[in-house]
Amino acid sequence: MPTSKEARTLIEKFRKSEKQKSFQYDFFVDESKYEKWEDVKIGQEGMAERNFKVKMEDILTYLDGTFDNHPLFRDEKFAKKTPWGELIAPPFLIVPIAFWCTGTSSGSWIRTPGAINPGQKIEFYEPIRVGDTITIKAKAYDKYIKRGKNTSRTCRNLETRRDSWLQSGGPLLYFQLQRAMRSINLLKAF
Amino acid sequence: MKMPEKVGFDKVELDYELPSITRHVTQELITKNACASLDFNPIHVDPVWAKKVNLFGVGKTIAHGMMTMTFLGQLITDWCYADGGKLKSMDVKLIWPVFPEDTITCKGKIVAKHPRDPGQSFVDIEFSAENQDGQKVAVGKAEVILP
């Protein structure tokens, strides 16, 4: 069953950025290509199929979609006066980054229609900034059945490289986004 | 408890309650969040589909768990980021669905202080999000580095 006309109408209203407009929002389209719970192999890792180049419009559209008005993330003059000295991205910009980069590659079960998110454990290292190109390496590290539901956990390391760090020998930045996702057969569950 | 002028590790006290935040969730907000997060799972954006599969036995869409988690993160970014505070980690369990027309309130409290080298000291915050009926929808904790 494809995305309903009612849903499509509302989605089209809010797609503003270049990435939002080009992203395939009908998760049913590539459903057959997504990783299934049965296919998840513990320890298997792979790079996400594409990178995320951070633009200011990505940050602004994310802030608008999450009711976040903090000036640190959108007002350069304000940000310069803070200890950060410049604009930084809100911490949870990692969410659209994960969905953009993953596609139908490793960890793609997060796109499975009906998948439910029971929780997250995230470690943050360095804030993301405009101009960063984020890459993701995903690794399946657990799968289990609990209370009749199949659950998978994937660890995603998000990295970027900054020229200033390469010149000074500084560290790469990375996050670990450990996502548990529960896939349920909706027609049987209810 | 009185809020310090600037947030700093030496100034904050145990049991300090962060200023709470409240968000009213509608289908429009959920779909806007889908566009923001690129998570277009039909359980969030498609009321027609949710009714057809009788999602959660009520036949309604649910908000993104990551939206609730983002609101919990805003509890912290609103409180200390302008002063140089920074999230170190978040560990959240999403325990109850959030439906359209729910109102979510996020609250948090400092429960531990970890003194470290300058710039590395952090606090533990226990937080939760609950709906208008007092039902907790998410619980968890965060570690926050404070200047």
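Quick notes on this one:
- Residue within the stretch A:1-22 that is in a loop (DSSP other than H, G, I, E, B), closer than 24 Å to residue A:157 by Cα and either within 11 Å of chain B (Cβ to nearest Cβ) or open to solvent by 100 Å² or more (accessible area, probe 1.4 Å) (or both) present: no
- The residues on offer are A:64, A:39, A:58, and the sole one that is free of Cβ contacts under 8 Å to residues at least 60 places away in the same chain, under 25 Å from residue B:41 (Cβ atoms) and more than 18 Å from the chain's Cα centre (by Cα) is A:39.
- Whenever a residue of the stretch A:94-120 is more than 9 Å from chain B (Cβ to nearest Cβ), its partners that are open to solvent by 20 Å² or more (accessible area, probe 1.4 Å) and of a type in the set (S, T, N, Q), lying with C-beta atoms within less than 9 angstrom and at least six residues away or across chains, give the pairs A:101/A:51; A:101/A:135; A:103/A:24; A:106/A:44; A:109/A:183.
- Which listed residue is touching a residue at least 24 places away in the same chain (Cβ under 8 Å) and in contact with a helix residue (DSSP H, G or I) (Cβ under 7 Å, 6 or more places away or on another chain), from A:71, A:90: A:90
- Residue that is surrounded by the fewest Cβ atoms within 10 Å (Cβ to Cβ), among those in the stretch B:128-147 that are within 18 Å of residue B:13 (Cα to Cα) and β-branched (Val, Ile, Thr): B:145
- Annotation: of all residues in the stretch B:51-68 being touching a residue at least 12 places away in the same chain (Cβ under 8 Å) and touching a helix residue (DSSP H, G or I) at 6+ places or on another chain (Cβ under 7 Å), the one that is farthest from residue A:88 (Cα to Cα) is B:55.
- Any helices (runs of 4 or more DSSP H) falling wholly within the stretch A:51-149 and containing at least 2 residues that are among the aliphatic types (A, V, I, L, M): A:56-65, A:94-102
- Within the stretch B:12-33, being among the hydrophobic types (A, V, I, L, M, F, W, C) and within 18 Å of residue A:69 (Cα to Cα) holds for B:18, B:21, B:25, B:29, B:30.
- Where residue B:125 falls short, out of the listed (1) buried (at least 21 other Cβ atoms within 10 Å of the Cβ); (2) in contact with a Gly (Cβ under 8 Å, 6 or more places away or on another chain); (3) closer than 25 Å to residue B:42 by Cβ: (3)
- Candidate set: the stretch A:120-141, residues that are crowded, with 21+ Cβ neighbours inside 10 Å and small (Gly, Ala, Ser); chosen: the one nearest to residue A:73 (Cα to Cα): A:138
- A count restricted to the stretch A:23-42 and to residues that are open to solvent by less than 40 Å² (accessible area, probe 1.4 Å) and closer than 18 Å to residue A:154 by Cα stands at 3.
- Hits in the stretch A:23-50 (condition: within 11 Å of another protein chain (Cβ to nearest Cβ) and not in a loop (DSSP other than H, G, I, E, B)): A:31
- Residue list for the stretch A:127-150, filter: within 14 Å of chain B (Cβ to nearest Cβ) and in contact with a Lys or Arg (Cβ under 9 Å, 6 or more places away or on another chain): A:127, A:129, A:134, A:136, A:146, A:149
The values are calculated or read from the model by the stated rules, or taken from the named source; none is laboratory data. Remember, predicted model here, so these are calculated numbers, not experimental data. Heads up, the Cβs are rebuilt from the backbone with ideal geometry, glycines too, and the neighbour counts pull from every protein chain shown. When the accessible area is computed, the model is the full protein with side chains, heavy atoms only, and any ligands, DNA or RNA have been set aside. Shrake-Rupley method; radii C 1.70, N 1.55, O 1.52, S 1.80 Å.
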